[in-house]
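Heads up: the structure comes next, in structure tokens.
Taken together, the values in this text are just the output of simple stated rules run on the coordinates, not laboratory data. Keep in mind that what you see is a predicted model, and the values were worked out from it rather than measured. FYI the Cβ positions are ideal-geometry reconstructions off the backbone, even for glycines, and counts take in every protein chain you see.
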Amino acid sequence: MAVQNPQEVHLQSARDSLAQTLGNYCQCMDAAAKRPGGETLRALLEKELDQLATTLEKIDQQIVRIAVFGLVSRGKSAVLNAIVGENRAATGPLNGVTRQVNVLKWSPTDAADMTAIAVELMDTPGLDEVEGEARAVMAADVATQCDLILFVVAGEITRVEYEALCELRVAQKPLILVFNKVDLYPNQSRAQVYQDLLELSSQSMRDSQLQQLLSEDEVALVAADPKPEQVRVERADGEVEYLWEKPPVQIAALQQRLLKLLKQEGRSLLALNALTQSRRAEKVMAEAIIASRAVEAEALIWRFTRYKAITVGLNPFGFLDFVGGAIADLTLIRELSKLYGLPMTRYEAGNLLKTILISSGVLLGSELFGLVLGVGKGFSALVDGGNLAVFTGVGLVQAGAAGYGAYSVGRAAQVYLEQGCSWGEKGANTVIQEILGQIDEEGVMYRIKEELL
């Protein structure tokens, strides 16, 4: 039996996860349309679901997007032209030639085992252009959509460039630092470029851990558009002529680095990016749904709080207190998920309750304290025909603990839902952890492992 390629497994897992998320929240959107004032919520859900559908289509077509960022006059467009081997992106001597995002398709002819992957190179405006606030928003959107970032510098790395690199970390994407115009800096080396970056990192109060995102292996030296050089030509008759010749483009090292990366990690990168987009979209949608049901949810939580407090307070048997209280908590979680329109099975509700209790020592303590009180309460009801004063006092204290527990479980479940947590083994967070648990420590994805987790 043939062993399936791990990258194919990652891609299929991401596809299944996105399909599940789309299905779950389509139900929420339909439910929102039936409620008074649900038009605004439906519009927001529809927007996020459209983006998820586009991401799913990108997975199906196996399109890996590589975005190029940098300051003006660093030769970003020239680097892309050199990679594809054609002058497709606009270039010129003036700052800010690129006014919008340009997409170039790259079909490398010598890319073995990459026949199923389509590569799109995205050229972006300079990050420091005048009146560039709108372009900065566009650049952030591109960084979210892409799977890999190329950051182009030329000459000594400036603090502005370092700050831009730090900002791009928010996108949680692998990054390759491209040192362009190396023909003007013949003594430059990858080690020196990386060392300069580390020195800037050590001086910065903002983010001193950029080296975790980059290593010397993620530095590439290129000359995408070398400056013409004057050469001396001596003719057969002894006459000397001086001509201007353009040196050959130096781009092969970057091309080979990209091809190797795409072959070894391309589909996994695509899967991780789709899952992080799904996680973000799910968080936005969950927050909107919960905000729209705030009043109803508060009433529901208080109803279960009163119910659990009264039931536990009056019941004379400690064991039944604990069992009944757990059933009430599980029911509350499921009723909240039903109110929000978010699917949850009894098994998943049980796992959530277990997580809530274990993660909150105070809450778990209150539940255990309630069990101890329940034993004492039951004992007081049986000894000497029952001691009403003791039974009542213990019951009141236990009712308070039970009510606190129910209210805390409800609030914790709300937070869990609001953070966009996805359910079941196909959830985005679960699949992300599975993929990151299998990646090679030498790969670029390992650089972003902690941030993604």
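Miscellaneous remarks
- Computed extension length for residue 245-residue 105: 47.5 nm, one decimal, from 0.36 nm per residue of separation with the Cα-Cα distance subtracted.
- Residue pairs, from the table 58/181; 173/426; 105/246, whose Cα atoms sit over 31 Å apart: 58/181
- Along region 247-252 the Karplus relation, 6.51 cos²θ - 1.76 cosθ + 1.60 evaluated at θ = phi - 60°, assigns HN-Hα couplings of x, x, 5, 10, 9, 4 Hz to successive residues, with x for each Gly and Pro.
- In angstrom, the C-alpha Rg and Dmax of region 149-188 are 11.3, 33.
- ³J(HN,Hα) computed for each position of region 280-288 - Karplus, 6.51 cos²θ - 1.76 cosθ + 1.60, integer Hz, glycine/proline x: 5, 4, 5, 5, 4, 5, 5, 4, 5
- Shown is the FRET efficiency for residue 310 and residue 227, computed with R0 = 60 Å from the Cβ-Cβ distance and rounded to the nearest 0.05: 0.10.
- Per-residue ³J(HN,Hα) for region 234-240, Karplus 6.51 cos²θ - 1.76 cosθ + 1.60, θ = phi - 60°, Hz, x for Gly and Pro: 9, 7, 5, 7, x, 6, 9
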